[in-house]
Amino acid sequence: MVKQLIIGDAMHELASTRRILERLPEEQMTWKPHVKSMTLGGLATHLVNLLNWQAAIFAYTEFDLSTVPLRREPLGRREDVLEEFDANVVKLETLLAECDETTLGEEWTLRNGDHIILRQPRAIALRTFGLSHMVHHRAQLGVYLRLLDIPVPGLYGPSADDEGK
């Protein structure tokens, strides 16, 4: 039952993330709301990358941030974002289907070289480092869309753009 709840939670958040990614305006992928902010394409690419990190929770016993680039070149087309997102969802779904409740309870470590950032059971790491992290950046993306006057989809009920539907 615990595994079903975890998978259901993950699939709900991933479906919501895809709905917001579907709204990406290709002509605005280099736009950013502030000099310190990521570009729209950079933020969307980060959301795609977070799925790789979520998959790493189940593929490895630890993930070392010092061994991977913190940023990659932003994807420039909505189609590319959605294609990679969908492929990564399939990878994560496969890893989740293959794990059992014992695996969900096994310790997973996030580190940056010798510095331990977190050490948690895999199920908790998926929720905190994976899904909650994704929800945070998905909310940022919603603000970007709002600032660009692009309708924001309802994620936990209707949005202001869904009124009357």
* What order do you get for 36-43, 48-55, 136-143 when each peptide is scored by the mean count of other beta carbon atoms within 10 Å, highest first? -> 48-55, 36-43, 136-143
* In a Debye calculation with equal point scatterers on the alpha-carbon sites of the stretch 89-153 and no solvent, what is log10 I(q)/I(0) at q = 0.20, 0.23, 0.24 Å⁻¹? -> -0.88, -0.98, -1.02
* Asked: So what is the 222 nm mean residue ellipticity for the chain from helices alone, if each DSSP H run of at least 4 adds -39500 (n - 2.57) and you divide by all residues, rounding to the nearest 500 deg cm²/dmol?
  -> -16500 deg cm²/dmol
* Structure fact -> Note: the stretch 1-53, point scatterers on Cα, Debye, no solvent; log10 I/I(0) at q = 0.25, 0.30 Å⁻¹ equals -0.99, -1.15
* Asked: At a Förster radius of 30 Å, what calculated FRET efficiency corresponds to the Cβ-Cβ distance of Leu118 and Lys32, to the nearest 0.05?
  -> 0.55
* Structure fact -> Per residue, accessible area of the chain with a 1.4 Å probe, heavy atoms of protein chains only, in Å², comes to 53 Å²
* Asked: Can you list the equivalent-ellipsoid semi-axes of the stretch 1-148, largest first and in whole Å, using the square root of 5 times each Cα gyration tensor eigenvalue?
  -> 27, 18, 13
* To do: Considering only DSSP beta bridges where both residues belong to the chain, give the percentage that are antiparallel (nearest 5).
  => 65 percent
* With every protein chain in place, the stretch 1-148: carbon and sulfur % of accessible area (1.4 Å) -> 55 percent
* If packing is taken as the mean number of other Cβ atoms within 10 Å per residue, what is the order of 93-102, 122-131, 14-23, highest first? -> 122-131, 14-23, 93-102
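The values are calculated or read from the model by the stated rules, or taken from the named source; none is laboratory data. For clarity, every value in this text was computed on a predicted model and none was experimentally measured. Using ideal geometry, Cβ is built from the backbone for each residue, glycine included, and neighbour counts are taken over all protein chains shown. Accessible surface is based on the protein model in full, side chains and every heavy atom, while ligands, DNA and RNA are left aside. Shrake-Rupley method; radii C 1.70, N 1.55, O 1.52, S 1.80 Å.
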